[in-house]
Structure formats: structure tokens, C-alpha cells
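What follows is a set of notes on a single structure, which appears directly below.
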Amino acid sequence: MRATHHETHGAPEVLRPVSMPDPVCGPGEVLVSVRAASVNRIDVLQRRGPGLLPGFALPHVPGTDVAGVVVGAGPDVTTRSTGDRVLVDPSLHCGTCEQCAAGHTAFCPGMRVVGASRQGGYAELIAVPETHTHLVPDHIGFEEAAGIPAVYSMAWQALMVRGRLRAGETLLVHGAGSGITIAAVQIARRHGARVIVTSASEEKLAKMAKLGADVTIDHGKGDLAAQVREVTGGLGADIVLDHVGPALFQASLASLRTRGRLVFCGDTTGPTATFSLVGAYHRGLTLIGSESHDHPTFADMVAWYWSAGCEPVIDSVFPLAEAAQAHRRLESGETFGKILLVP
Ligand SMILES: NC(=O)c1ccc[n+]([C@@H]2O[C@H](COP(=O)([O-])OP(=O)(O)OC[C@H]3O[C@@H](n4cnc5c(N)ncnc54)[C@H](OP(=O)(O)O)[C@@H]3O)[C@@H](O)[C@H]2O)c1
Ligand SMILES: [Zn+2]
């Protein structure tokens, strides 16, 4: 098969199209003909190096988000057939450890992630356990489907599972062009929340307003918390989703109402945040770190997605052989929505 991999860490040019043997399915695995794969930040971080996930090895075929068609099966496959249109849950838990037995698959020490610590979707074919495939309904295209896994599972986990977002609440989320933010807006609006989105880009905020954000704020202009209070009757947001990290962490806390919740799940602007302790405890704030999803949570999220009527937001589509170009696009910071690769 054809694939795009990197044998070393470095600039986008290390991504090279190659021929490699077709994957061989083990027991319970299906062979999927990849029709679309999306590009995520983890692909770029691990391309630059070092590898971040346990089990990462060079050469590496990235691509955590895969949609395609089942074209073969290993022994003992019972639920999938040739021709099935599927989406892959990339988080492959071991199924036998204590954490898996307790249902906490996100903490499985044997976790392997498709496209992050084993071969991913920057390829024509991929072998994955049938238990981690989800049937894609006919009204959802492969490119839309491939844009779902990483960002919708993260936004769903952060908002619905960890943040316990309720109808009528006000959500504040940063980073208008981020895939997680776009997913968060679509999830929150469809669960009856009011959504405030921030960015330093007027252009991205205008697109966010079209996508359904109730209020957009340029965080580069003035005091963000004061602007949030102004549009929330002086109270502040009920919940903030922060994947940006230190650049806005203190502003996120200051934008919350008393007893508000800050759910954080990313470190785009650095690994360490500084914030006012007294500002957080005196106002009864709750800080919630959001781990990635457990196995059943992914199924809940896609089951919701299929009938949610979300608008797919696709930034750009590149041929698989031009993955380096796709990475440059992600690194430009100009994206709005998902970048896709098609074999
Ligand atoms: N916990 C998990 O399991 C998990 C899973 C997936 C992702 N993540 C993390 O979540 C984060 C977001 O992922 P993503 O794929 O959505 O990333 P992305 O598409 O690359 O978006 C990054 C966003 O960060 C914003 N940003 C960058 N620098 C900023 C600054 N100085 N001030 C304010 N905003 C800034 C940008 O805002 P504008 O659009 O406004 O320019 C951009 O939208 C990443 O850190 C990723 O590692 C975590
Ligand atoms: Zn396990």
C-alpha cells in the first residue's frame, strides 16, 4: 500500500510518501480502506519530536482520525462485514488490566493510540479491532466523519462528562479556529447552552458567529473577564473550556461566575500556568482536568453526532502524498476547522 510516514523527527519535509506492506489483521481486527484521515496537533508535535505517547516508534505513520470502508477481516470478526462504512475510535485499550475492568479505559497503562503509538491513517489501509469501529450512516461523508474523533471526543469528554454542562448555562471557550472549539460550540449549542467564543482573529470570530456562537470576544482587546461579565449580566460564565493553557488560564478563571467550573484539556501555549489561588478559592471555583475519553464515551458521542445535524467545518483537503503541505497549513495558525488527507 501507499502511506506517508516520517523516519526522523523534524520539519514537515520529513513526511514522505512510501510503499509499505499491507497491514495484516490479527484476531478480531478488520482491514479498513482509508477514505479520509484528518490532521491533528499530536501529528505535528510527534513529527517535530520527541514522540509523546508510550509506544511511539520511528518510522511512524501518523493519523489518529480515520474513516473508510471495511475490505477484509481477521479471524473471529463477528460484527463487521466487507463494505461497511466505518469510523475508528483511535484509543485502543488492552481490555484486561484493572483500569479496563473498572471501565476507566482512558487510564489503561497498555493503551495504544492509532496514529500516535501505532500505524495511523496517513495510509491506504489500516487494521483495527472491530470493537473500535463505528458504522457511519449514509448521510455522513467520509471527510466529515474523519474530522470527528479527536476533537469531538475531547470536547464531549470535557463538556458533557467532566464539565457536566447543563441547558441554560453559559459556556466560554477560547480559540475560534481550533477543532476542539468548533466541536464544543456545536455540542454546547445543541444541549441548550449559550456560548461565548474568544479569539484574537476578527475573521475567525466572524466565522464562529455564523456557526452559532451567541457572543464573540476579541481577547486581544481589553480585559477579557470584564467583557465576559458585561455579556452575562455581571455574573461571569458558568463554565470555561480552556485548551489554550497559560496564555489565557488566569483570564479563564477570572471570567467565571462564583462557583463556576474551569475544564482544561490542552497546553497549546505552554506546559505551566500561573493563577491567583485566592481568586480561585475565595470564589468557590472548581478546576477540572479533562482526560481523554473512555471507550463507551466515544460510542455515546458518535451516536449523538449522527443525528445532531452538526455542520462539518473543513478547512482544507490535501492528497495523502502532500501531508507535509497539510502540516504546514496546520502550523500556519490560520486554519478554521479540520484539515483532511485523502489517499
Ligand atoms: N486532553 C486530551 O486528551 C487532548 C485531546 C486533543 C487535543 N488536546 C489539546 O487541546 C489543544 C487544542 O487542540 P486543537 O486540535 O483544537 O488545536 P488547534 O486546532 O491547533 O488550535 C489551537 C488554538 O489555540 C489558540 N491559540 C494559540 N495560541 C494562542 C494564544 N497565544 N492565545 C490564545 N489562543 C491561542 C488558537 O486560537 P485562534 O483560533 O483564536 O487563533 C487556536 O485555535 C491542544 O493543546 C491539544 O494538545 C488534548
Ligand atoms: Zn487496559
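Brief remarks on what is shown
- Whole-angstrom gap from region 90-108 to region 6-69, using each part's C-alpha centre: 22 Å
- Radius 10 Å from Cβ of GLU130, net charge of other residues (Lys, Arg +1; Asp, Glu -1): -2
- Descending Cα extents along the principal axes, the chain, whole Å: 60, 42, 37
- Summary of the geometry: region 126-140 and region 249-300, compared by the centres of their Cα atoms, lie 32 Å apart.
- Relative to the Cα centre, the charge distribution of region 152-289, modelled as +1 at Lys and Arg Cβ and -1 at Asp and Glu Cβ, gives a dipole magnitude of about 460 debye.
- Computed over region 62-160: relative contact order in percent, which uses C-alpha pairs under 8 Å that are six or more apart: 36 percent
- Whether region 205-324 is rounded, prolate or oblate, judged on the alpha carbon gyration tensor where a/c under 1.5 counts as rounded: prolate
- Helix-only mean residue ellipticity at 222 nm for the chain, each DSSP H run of n ≥ 4 adding -39500 (n - 2.57), per residue, nearest 500: -7000 deg cm²/dmol
- Spin-label pair ASP218/LEU45, simplified geometry with 7 Å Cα→Cβ offset, distance in nm: 3.0 nm
- Cut-off 15 Å (backbone N to label point 7 Å along Cα→Cβ of ASP22), residues of region 47-88: 69-75, 82-83
Every number here is computed from the coordinates shown, using simple stated rules; none is lab data. Note that the structure is a prediction, hence the values are computed from the model and not measured. Counting neighbours? That spans all protein chains shown, and the Cβs are built from the backbone with ideal geometry, glycine included.
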